[in-house]
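Accompanying notes for the structure given below.
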2 protein chains.
Amino acid sequence: MKEKGLLIVLSGPSGTGKGTICKALLKKNKFNLSVSATTRNSRNGEVDGESYYFLTKDQFLEKIEKDDFLEYAEVYGNYYGTPKSNVMEKVQNGEDVILEIDIQGALKVKEAYKEGVFIFILPPSMEELKNRIRGRGSETPESLMTRFKSAYKEISFISKYNYAVINDTVENAVSKIESILIAERCRADRVEQKIYNSQEGIINEQFND
Amino acid sequence: MKEKGLLIVLSGPSGTGKGTICKALLKKNKFNLSVSATTRNSRNGEVDGESYYFLTKDQFLEKIEKDDFLEYAEVYGNYYGTPKSNVMEKVQNGEDVILEIDIQGALKVKEAYKEGVFIFILPPSMEELKNRIRGRGSETPESLMTRFKSAYKEISFISKYNYAVINDTVENAVSKIESILIAERCRADRVEQKIYNSQEGIINEQFND
């Protein structure tokens, strides 16, 4: 049995900077980024197939019918989803895949694949969170307020995750996440599986002694 | 409630180099080393109160009577034990304590304090393990054979631990353990507790909103 890759789920409230952390992680590590599908309009500078797969509502519903999402959800009137086969093929093949996703989505992925590494990104403080959301500049006052309220509530979901990382600086957060992934690869159950899988394995020698 | 320190338990078969790893970790980090008590004779260069507390059998039995050990065991005819109050006071006070201990001992510590971080140190291969035990030069052929057989058996205990680290080089092993400890401090339950404890906490702000 081939050793599986890690499914790394970066999640947390809107505006905590998980997108920036994700980009910084991808720059330094050989992860596959899972590109989400969405029915929302593309923002300035977003590229189809890179930022998101931009689908019509009909296209999205068709994929739901085909059970082609690891998770999907309607958020602020738009559909967002994670194409299933993409992600799981890579993980089964020993490659690491990183998913940057909202909390609703992360909890659904956890139901489908609890072996994932679920990391909650926290803002250094709620004041900072407000500034970050304001700084984004792509929101109406109404959607801003919706995001604020949502963020407050969502922090209580932290206990559903394996890890929580405070985004005080992107550098610190990235470094902590890299440590988490090293630790996950050292988890006793993983190492044990690896030993059993290996022809040169220590356990095999034990039995041949 | 004060945030607790980590109780880091480094364990594994004899001769996997956990002592060397422990020393290297202590050089680079602010851990408290838990010094064990033992009734075995001191080897060349060992200092009482640093390498071990060297006790007579009577002194040891008296401490057992007083329930003053986190764990104790008889190994190869000698008693070894971890003084309880030393370790737990520091952990409760937010300090990290590192315990380098055999497998029997580690499993007993786990019974007493399952919140510890239990790390199994593996040799890169069994051949290497044999060489290392031979290289130590302080054993009779009989005790060497006893150690070999014990090491083979003990590796199957890996599943009782949280993590397993292969000691390919001391540098690599130390670096992995440091990552494990960073990850442990990011565990969702720990961070959540920290947030609740903090006056500046994010959750508090949520309720005051």
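All of the numbers you see were taken from the coordinates with simple rules; none came from a lab. On a predicted model such as this, the values are computed, not experimentally measured, just so you know. Methodologically, a virtual Cβ is constructed for each residue, glycine included, from the backbone with ideal geometry; neighbour enumeration extends over all protein chains shown.
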query = Which whole-number percentage describes the relative contact order of chain A, with Cα contacts under 8 Å and a sequence gap of 6 or more?
reply = 30
ask   = Please state the equivalent ellipsoid semi-axes for segment A:1-130: what are the square roots of 5 times the Cα gyration tensor eigenvalues, largest first, in whole Å?
value = 21, 21, 14
request  = Counting other Cβ atoms within 10 Å, keep those with at most 13, restrict to DSSP loop, and tell me which chymotrypsin sites (Phe, Trp or Tyr not before Pro) in segment A:34-80 are left.
outcome  = A:Tyr76
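When DSSP assigns beta bridges and you keep just the ones with both residues in chain B, what percent turn out antiparallel, to the nearest 5?
Working: 8 of 25 bridges.
That works out to approximately 30 percent antiparallel.
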Rounded to 5, the percent of DSSP beta bridges in the protein assembly as shown classed as antiparallel = 35
key: Shortest-first nm distances, B:Asn172 label point to equivalent points in other copies (7 Å, Cα→Cβ)   = 3.2
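Could you tell me which of the pairs B:Lys90/B:Lys110; A:Lys108/A:Lys149; B:Lys18/B:Lys160; A:Lys160/B:Lys194 are separated by over 19 angstrom between their Cα atoms in the structure shown?
Beyond 19 Å between Cα atoms: A:Lys108/A:Lys149.
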message = At 7 angstrom along the Cα-to-beta-carbon line, where would the label on B:Gly49 sit relative to the other copies? Give the distances in nm, shortest first.
response = 7.2
message = Per DSSP helix of 4 or more residues, -39500 (n - 2.57); summed, then divided by the residues of chain A. What does that give at 222 nm, rounded to the nearest 500?
response = -14000 deg cm²/dmol
key: Whole-number D in µm² s⁻¹ for the protein assembly as shown, Kirkwood Cα-pair radius fed into Stokes-Einstein, 4 °C, 1.567 mPa s   = 54
remark   = Measuring from the longest principal axis of the C-alpha atoms of chain A, the long axis of helix A:170-185 (C-alpha) lies at a number of degrees, nearest 10, equal to 30
query = Label 7 Å along Cα→Cβ of B:Glu178; segment A:152-178 residues with amide nitrogen under 19 Å?
reply = A:171-178
remark   = Here, GluC sites (Glu not before Pro) of segment B:8-67 satisfying both criteria (DSSP loop; at most 15 other Cβ within 10 Å) are B:Glu46, B:Glu50
